[in-house]
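What follows is a single structure, written as structure tokens, with notes after it.
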Amino acid sequence: MADKGIGVNRCATHGEYYMDAADSECPACQDEDPAGAGEGSEENISHGSVHPDYPPLDWRNEVMQDNTRRSYQDWVASEIEQRLDDEPDYKDPGFQD
């Protein structure tokens, strides 16, 4: 059975959702802003873009195991950030169409 988080909250737009933390935002609302477009993202990533180091199948497996609720692009950004912490010399090849 999937982990249900720490509780349930309600979004006015999307209804109930499970919270990962006390200040968890609605995951559906987060997904409506792909790649942080509303936060001044550095680049516009097309819907079909794929990162060569982080295949969509890996992301899908993380979603299916309930390890993430992020969009593919947000998950990749998080993975790259973690990788840069471990490997400061990592060169991000970026998303490719």
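The values are calculated or read from the model by the stated rules, or taken from the named source; none is laboratory data. All values derive from a computational prediction rather than experimental measurement. Note that we place each Cβ from the backbone using ideal geometry, even for glycine, and neighbour counts take in every protein chain shown.
Here is the figure for the range 52-97: residues that are closer than 24 Å to residue 25 by Cβ, acidic (Asp, Glu) and either surrounded by 18 or more Cβ atoms within 10 Å (Cβ to Cβ) or touching a residue at least 40 places away in the same chain (Cβ under 8 Å) (or both) total 3.
For every residue, the table says whether it meets (1) farther than 17 Å from residue 97 by Cα; (2) under 16 Å from the mean Cα position of the chain (by Cα); (3) part of a helix (DSSP H, G or I); (4) at pLDDT 90 or above.
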residue	(1), (2), (3), (4)
10	yes, no, no, no
25	yes, yes, no, no
28	yes, yes, yes, no
37	yes, yes, yes, no
58	yes, yes, yes, yes
67	yes, yes, no, yes
78	yes, yes, yes, yes
